[in-house]
1. In cubic angstrom, how much convex hull volume per residue do the alpha carbon atoms of the range B:2-58 span?
2. Using only the alpha-carbon atoms, how far is helix B:29-42 inclined from the longest principal axis of chain B? Give it as 0 to 90 degrees, nearest 10.
3. Is there a simple number for the mean count of other chain Cβ atoms within 10 Å of the Cβ of residues in A:195-206, and what is it?
4. Could you list the square roots of 5 times each eigenvalue of the Cα gyration tensor of the protein assembly as shown, that is, the equivalent ellipsoid semi-axes, sorted largest first and rounded to whole Å?
5. Give me the percent relative contact order of the range B:2-58, please, defined on Cα pairs under 8 angstrom at least 6 residues apart.
6. Taking each residue in A:188-194, count the Cβ atoms of any other chain within 10 Å of its Cβ, then average. What number comes out?
7. Name the chain A residue with the Cβ nearest the axis that maps A onto B: which is it, and what is the distance in angstrom?
8. Angle check, please: helix A:149-166 long axis (alpha carbons) against the longest principal axis of chain A (alpha carbons), in degrees 0 to 90, nearest 10.
There are 2 protein chains.
Amino acid sequence: MKTEILTLLRETDGYVSGQELCEKFGVSRTAVWKAINQLKEAGYEIEAVQNKGYRLVSVPDILSESELQSVRKTRWIGEKIAFFDVVDSTNTRAKQLAEEGAPNGTYVIAERQDAGKGRRGRGFDSPAGQGIWMTLVLKPEIDPNHASMITLVTALAVSKAITDMTGRPAGIKWPNDIIMSGKKVCGILTEMSAQFDYVNHIVVGIGVNVQNKSFPKDIESVATSLFIETKEHYHRAELVERIWEAFEHYYEIFLQTEDLSGLVNEYNSHLVNMHQQVKVLDPKEPFEGKAMGITPKGELIVDTWESRKLVSTGEVSVRGIYGYV
Amino acid sequence: MKTEILTLLRETDGYVSGQELCEKFGVSRTAVWKAINQLKEAGYEIEAVQNKGYRLVSVPDILSESELQSVRKTRWIGEKIAFFDVVDSTNTRAKQLAEEGAPNGTYVIAERQDAGKGRRGRGFDSPAGQGIWMTLVLKPEIDPNHASMITLVTALAVSKAITDMTGRPAGIKWPNDIIMSGKKVCGILTEMSAQFDYVNHIVVGIGVNVQNKSFPKDIESVATSLFIETKEHYHRAELVERIWEAFEHYYEIFLQTEDLSGLVNEYNSHLVNMHQQVKVLDPKEPFEGKAMGITPKGELIVDTWESRKLVSTGEVSVRGIYGYV
């Protein structure tokens, strides 16, 4: 009920009468009044004018299921949303839900993670209310060997969503870090459970720093937030929705060919490494060269003086020679 | 205590005096007597002769932790054993334990699975007391792309263990079915949880039909058991131990090079497809040829009239042209 009323208030420019709400949802005036009060308690500013009805004046920056459902525009992502005030890690929780049968497109989101996960077992800082900490469950019928490309699809979606929302470039550092002014604003952690020829499920974890005003000493030189970059407070639920809309779009293009052939150009246009000198930290033989974009399989093309090399995700890390990127 | 006493009784040819047990384990006569009684209740036949002590006459065919620990010869597999009378699926349980931090080498084993898992979400029949239903947790530092080879390592270990124990050939149908007289006696289900360059954990599920006298109609033409093949009842805990001993041996060879180069010859010597005509059910273009063994990466080499082809696990299935194998 709360969600439906909120959605209607959002969609309406002026006032919605109590009568209209009662009829639309087939409930009593008291029920409407209760739901409106619950919304107010959650932080929504709702004006009530006699003979006119209710009007949504402002929305709080919260990530409740009602808030997220009322801004939802995607077709299959977020049919089920599992919201938590606190979780250990949204990836861990998403994996549990996936094992228990959660459908493709379910996502887990939390105001705070107390054991957020970074790559290779490292931690990920996720303070309450400051960012977007969420993980999507996917159950595609694809070759497990193609799954790592979903990380690049995700990077493209986040890059696009942040760039569109803020009007400021949020580029991709290959394969999947999102960068503003040379610092990381978003991390992506894709994990897969698979048999050798069959994907059980994939979880795509996305952590975006949104409202953070500062960072702990050990990461402040490499981390940034949308607020630090723009001095504006963006509404997180809206950014969540923009990310999933973009993801749905790009992911469906990916599924058509099970590779990135339909996304190479767009990915490259967001790639901060493009035409830059990079150092490829191959444990056997590090080398330098110029990054020339990605292949349809998601490899980074690096031209050295002698030859063209293809760098696979996972094999090595790549570092820009000038600055962090 | 029960486990320690059982181990000592097993290792001793004649009698072990009560006095010796008390001293060895630093406990009272009453404690020893209690433990002996528990073992008797579990089905162990233990003779007690005055002035001589205790002697193990026979052991029941059970898979309790005490039983398994008392026959254990492996170095790191089975330091922790999680035994259940019934589980949904040993793979599912092993994945949960792995997520919760269970160490490398832990295994889950059950007398019965009520939702046993086969490949690609299919079921796996696992009636109480009839077979070995178990899953090993591995946490190797390897490239996730190399993990599928562990399925072939497992097939080799099971093939060797059954062949040694029964004196009857238990061959491998590439990549990982174990076959006696043309029928399947064991299934292997390997599942992995991974980031794109990092293995969280791998679980190796092994289901061996041991005591089964018959099978349900829908699988009786393709399934067999050790009892059906040999008319003998093998002791399951002993076979478990033989499988893990063989696995430990072959797996360590695999880890040295992260491929099967050290195991190709032995694998091929167990391969029932070797030098046989096979049909490769490639969805794009099925073809026939002669199987010539595996490559160091675990691919099946198939010679057609025109050329040599390498078939990867996962891409296709392979069927013998004559009979099931």
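1. 69 Å³
2. Result, in degrees: 40.
3. 5
4. The three semi-axes for the protein assembly as shown are 53, 33, 25 Å.
5. It comes to 40 percent, rounded to a whole number.
6. Mean number of neighbouring Cβ atoms from other chains: 5.
7. Per the A/B rotation axis, the closest residue of A reads A:Ser193, 2.
8. Around 60 degrees separate the two axes.
Bear in mind that the values in this text are calculations on the coordinates, not laboratory data. Being a predicted model, the structure only gives us computed values, none of them experimental. Glycine also receives a Cβ, built like all others from the backbone with ideal geometry; neighbour counts cover every protein chain displayed.
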